[in-house]
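Here you go, one structure.
The values are calculated or read from the model by the stated rules, or taken from the named source; none is laboratory data. Computed from a prediction, not measured in an experiment: that's the story for all the values here. Reconstructed Cβ throughout: ideal geometry from the backbone, glycine too, with neighbour counts over all protein chains shown. Just so you know, the surface numbers come from the protein's heavy atoms only, side chains and all, with ligands and any DNA or RNA stripped out. Shrake-Rupley method; radii C 1.70, N 1.55, O 1.52, S 1.80 Å.
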Amino acid sequence: MNLSQVEVHEASTLQQAAELMARWGDQARFLAGGTGLVVDLKTDRYWAGHVISINRITALRGLSLADGGVRIGALTTLNQLARSTLIRQRFPALVEAAGEMASPQIRNMGTVGGNIVGAVPCADLPPVLTVMHAKVSLWSPEGQRVIPIEVFFVGPRQTVRRSDEILTEIFVPDPQARFGAAYARFGLREANSVAVAGVAAGVVLREDGKVGEARICLNAVASTPKMVAAAESLLVGEILDEAPIARAAEAAMAAAQPISDVRGTAEFRRELVGVLTRRALIAARGRAAGGTQ
Ligand SMILES: Cc1cc2nc3c(=O)[nH]c(=O)nc-3n(C[C@H](O)[C@H](O)[C@H](O)COP(=O)(O)OP(=O)(O)OC[C@H]3O[C@@H](n4cnc5c(N)ncnc54)[C@H](O)[C@@H]3O)c2cc1C
């Protein structure tokens with residue numbers, strides 16, 4: 001669609017945004033950084049006569065320590081996330097994912113909330129947040145609800161969010177002792193290329209060095225971020241060396257449901273899942289053992 005047809009409204013509070021959304025309903029979309037929405041409008045993926053900018057809502061900004069974890073405001077940009085000392089110290093896998101996305105210009109505009117709500121199957125943050133047990137908060141005039149991110153996505157570009165709900169923040173709980181997580185992804189170029197496949201892994205090592213908990217989540221190889229329960233049960237109780245890692249990689253390859261498109265064939269993506277699962281698990285193990293998460 002021609003963007004000159006779109007009327008832009010600016011909200012300064014959640015209440016104002018809700019009133020505008022109630023007024024324009026099906027014809028409206030919320031706008032954060034616009035790096036996903038503007039492309040979607042220009043390429044006719046969606047039509048919206050009205051766009052409601054939430055950028056002035058200060059309640060959606062900021063990164064802070066919260067009760068037992070970190071609160072990430074939905075308007076936190078990808079670069080703010082990648083550069084945050086708070087995040088770097090606690091959740092280096094998030095820095096890894098955010099720092100590899102898109103390009104510096106897009107990372108200055110694109111937000112964490114937009115990456116999640118957009119629900120594009122190749123989005124980089126959802127699998128990492130999923131292995132970290134993150135929760136998302138949705139606000140509407142009817143109230144606030146908090147949902148584990150792993151049940152947020154229901155299909156490509158589809159979530160459990162109602163169209164009048166605003167994603168306000170993401171809560172990432174402090175991990176258990178000896179937890180480590182990592183994200184490995186493959187793109188066709190260094191910058192401005194979305195993931196052809198990606199794997200996030202999180203492990204907790206027990207005092208005896210064996211795996212106490214393992215979480216593996218794939219992206220770009222299914223319609224939503226895909227948890228690999230089979231790989232996890234193969235790892236718990238094991239010393240995380242070559243053989244169990246290889247078995248988990250096989251299970252992740254079996255769980256993937258890739259498609260063929262311009263970026264790669266389904267077979268290539270499945271192979272990538274095996275390689276990336278190994279890389280992510282080895283890096284997660286190193287962080288768990290070194291106490292750097
Ligand atoms: C060149 C290019 C490269 C890219 N590379 C990557 C990449 O490597 N990895 C990747 O994951 N993504 C990539 N993207 C996609 C995009 O930049 C990111 O997903 C970004 O985080 C989207 O955030 P945004 O603030 O721009 O979202 P917007 O475009 O503003 O919004 C996206 C969607 O979410 C909704 N929305 C946004 N915020 C909220 C909220 N708080 N509450 C309710 N609804 C909301 C909007 O209505 C819209 O439907 C790329 C995009 C471009 C143009």
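Name the residues in segment 212-251 that are among the β-branched types (Val, Ile, Thr) and out of contact with any Pro (no Cβ under 7 Å at 6 or more places or on another chain), would you?
216, 228, 236, 239, 245
Tell me which residues, restricted to segment 190-212, are in contact with a Leu (Cβ under 9 Å, 6 or more places away or on another chain) and closer than 17 Å to residue 130 by Cα.
197, 198, 199, 200, 201, 203
Grab the strands (runs of 3 or more DSSP E) fully contained in segment 23-96, keeping just those with 1 or more residues being without any contact (Cβ under 8 Å) to a residue 24 or more places away in the chain and more than 9 Å from the ligand (Cβ to nearest atom). Give the steps one after another, and end with the answer.
On the way: elements: 28-31, 50-53, 63-66, 69-73.
It comes to 63-66.
Also: Among the residues of segment 6-19 satisfying the criterion of being in contact with a Phe, Trp or Tyr (Cβ under 9 Å, 6 or more places away or on another chain) and open to solvent by 30 Å² or more (accessible area, probe 1.4 Å), which is farthest from the ligand (Cβ to nearest atom)?
Per the stated criteria, the residue is 7.
Within segment 154-164, can one find any residue that is of a type in the set (Asp, Glu), out of contact with any Gly (no Cβ under 6 Å at 6 or more places or on another chain), open to solvent by less than 10 Å² (accessible area, probe 1.4 Å) and near the ligand (Cβ under 10 Å from one of its atoms)? Full working, then the answer.
Kept after step one, since they are of a type in the set (Asp, Glu), are these residues of segment 154-164: 164.
Subset that is out of contact with any Gly (no Cβ under 6 Å at 6 or more places or on another chain): 164.
Of the ones still in play, those that are also open to solvent by less than 10 Å² (accessible area, probe 1.4 Å) are none.
Taking every residue of segment 154-164 in turn, none turns out to be of a type in the set (Asp, Glu), out of contact with any Gly (no Cβ under 6 Å at 6 or more places or on another chain), open to solvent by less than 10 Å² (accessible area, probe 1.4 Å) and near the ligand (Cβ under 10 Å from one of its atoms).
Residues being touching a residue at least 60 places away in the same chain (Cβ under 8 Å) and either assigned to a strand (DSSP E or B) or under 18 Å from residue 77 (Cα atoms) (or both): count how many of those fall in segment 123-142.
Number of matching residues: 7.
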